[in-house]
Each structure stands twice: as structure tokens, then as C-alpha cells.
């Protein structure tokens, strides 16, 4: 499809350990269109960040991409050489990491780090690169950008550092922006500003955004569609409104029910019983089997695949109809 920016098919990433092969990303498939934000949701350790690193081909040993395809504007990134891939990073696809302090080099000024991005990817002089850096800092809402260029990361607030990272990621106007927990390390008021900034920039530049988060509130505020990840698998995906109003996987339903109710501050939080299975010991069937109240023997033996149940809404669960009726 002409508007499809990212198309991932059967991506599988594993880590070879002394105790065996740990599956971090298990045959996942999804797409993102131009001007769309897809939220990738799940608890810590489910494979969200490894998915992002796999798209960028930044998985370090003992990790490796075992299978799959990652098409960016029709080009399969997994077939490129390392030099070709290095040219694509920061140019055609970029990432904003969750820890702005650890993502910026503390011994170089903001200007040195941002200008280097332009010099690496574009055939421009240093003076032009500096001017573009000032313009981009201003574009992401940073006041006095010329002064900020001379500052070091530790001299900026968390919110300003995050905006600097966004400016660096957008320097070459990529087709795809990956935002990995971009609001985790900043306070609530700044979180809203960052989310609204990403949405504005997405519309202005016509990008696609993959927003990785564990916060369903962030998804409701910022995303068009959502993919729910559990134990290395995408188990439900669809439009945000459909997922929130009609969750069709027991895990998604449990996540939504665990959100604190503002109108009932004294109500007890609901939890999902049990533990996430170890990545080296996933069951042959559904990974959610041991924690699911609807599980049957069929679920233990047979692994469910994503099934279309509504317009754009897919779920990997043998008993989704039963959940809908409860």
C-alpha cells in the first residue's frame, strides 16, 4: 500500500544464553501508515524495546534477529549491509530513547551532538548545519535555541533534554520515528507537552510513529492504533477506541481493569494473577495459559494466531467470544 511506511512480517529475535535460547520477539507482524501513531503496549520484559532495536538492527550479542522482514518504504532493512543501515539510522528512521540523560553524551555540548547529525547525513557545511540545528530546536519548542546549543546536557531540565532528543531524531525528517517510553523520566505536566509535540510534528512532517509504552493513558491520548504485546507475542491489535471499548484478549482486559479509577480513589486495584513465563520456557500453546481464567487444554497445546474479529481489530485467543460474553 502506498501509504504504508513500515511493514513488519514474522520478526523473530532471540538471545543465545548458557541456559538455552531466549525468545524476546516471536514472529510478530504489524504495519504503520504515514501520519499514523501505533502504540506498542505491554509490561516490562515483554519485548517492546527489543522490537524497536530489531527495527534499527541494534540488537547486540548474544541477541540476534533470527527471522522475518522489516520493510521501510518498501526497502527490506534486514537485507542491507551495516554501512547501508548506518546511513538509514537517523536519516530515514530515528529513535527517541526513554532516558534523555543517558542518551546524550555528557562531555559534548548540545550543539556539537546535534550538528554532527546534519554533517553525517547531509552534504552541508558546518555553518549551515548549525543554522538548521537552531531552527530545529526552535521547531520543537525550545526557547533561546542558540544559547541551548552551547549548553551541556546536565545544564538542561528533563523536559528540555527530551525535546533535544526529539530535535536530533527529526533532524533529517525521517519517515519513521520510534519513541521508546518518551515520557517515563519526566513529570506529568511535561509529559502532556511532549505527547502533544510529537503529534504536532507527526502531522507537520507526515511521519509514522511507533510509540512504545506501558502506560495506557499515553495510548489513549496519543495513538491511532494499538498493538498489545505479551511474552514476546503481539496478542491483540486494532484501533484505540475498539481496543478500549471491546478488549478481546484476557490479558488486554486485565490491563484495562488494572487502571486506577479516578472516580473511585478508594477502590482496590485489580491485578492479573500469576507470573509471566520465562522466555526460555514458553509453553507450546498460548503464553498466557497459566494466568488465564478462560484457558482450556486446547490453549495449552495450540498456539493461537491473530484472527480478524472486526474492522482492523485482531486478536490471538481461542476463547475471545467467551470473553466478549462475560
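The values are calculated or read from the model by the stated rules, or taken from the named source; none is laboratory data. As the structure is a computational prediction, the values presented were derived from the model and not from experiment. Positions of Cβ are generated from backbone atoms using ideal geometry, with glycine treated the same way; all protein chains shown enter the neighbour counts.
In table form, for the structure just shown:
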{"item": "Single residue of 309, 305 found to be part of a strand (DSSP E or B) and modelled with pLDDT of 90 or more", "result": "309"}
{"item": "Qualifying position, being over 20 Å from residue 226 (Cα atoms) and outside the structural domain of residue 206 (by TED's automatic domain parsing), among 63, 111", "result": "63"}
{"item": "From 253, 242, residue being over 16 Å from residue 43 (Cα atoms) and either surrounded by 14 or more Cβ atoms within 10 Å (Cβ to Cβ) or out of contact with any helix residue (DSSP H, G or I) (no Cβ under 6 Å at 6 or more places or on another chain) (or both)", "result": "242"}
{"item": "Test result for residue 44, in contact (Cβ under 8 Å) with a residue 24 or more places away in the chain, within 30 Å of residue 204 (Cβ to Cβ) and surrounded by fewer than 18 Cβ atoms within 10 Å (Cβ to Cβ)", "result": "no"}
{"item": "Residue among 102, 29, 94, 54 that is closer than 28 Å to residue 215 by Cβ, without any contact (Cβ under 8 Å) to a residue 24 or more places away in the chain and outside any loop (DSSP other than H, G, I, E, B)", "result": "102"}
{"item": "Residue match in the range 169-180 (condition: out of contact with any strand residue (DSSP E or B) (no Cβ under 7 Å at 6 or more places or on another chain), surrounded by fewer than 18 Cβ atoms within 10 Å (Cβ to Cβ), assigned by TED's automatic domain parsing to the domain that holds residue 100 and not in a loop (DSSP other than H, G, I, E, B))", "result": "no"}
{"item": "Single residue of the range 136-157 satisfying the filter (within 27 Å of the chain's Cα centre (by Cα) and surrounded by fewer than 14 Cβ atoms within 10 Å (Cβ to Cβ)) that is nearest to residue 204 (Cα to Cα)", "result": "157"}
{"item": "Helices (runs of 4 or more DSSP H) lying entirely in the range 204-300 (those with 2 or more residues that are free of Cβ contacts under 8 Å to residues at least 12 places away in the same chain and farther than 30 Å from residue 91 by Cβ)", "result": "240-245"}
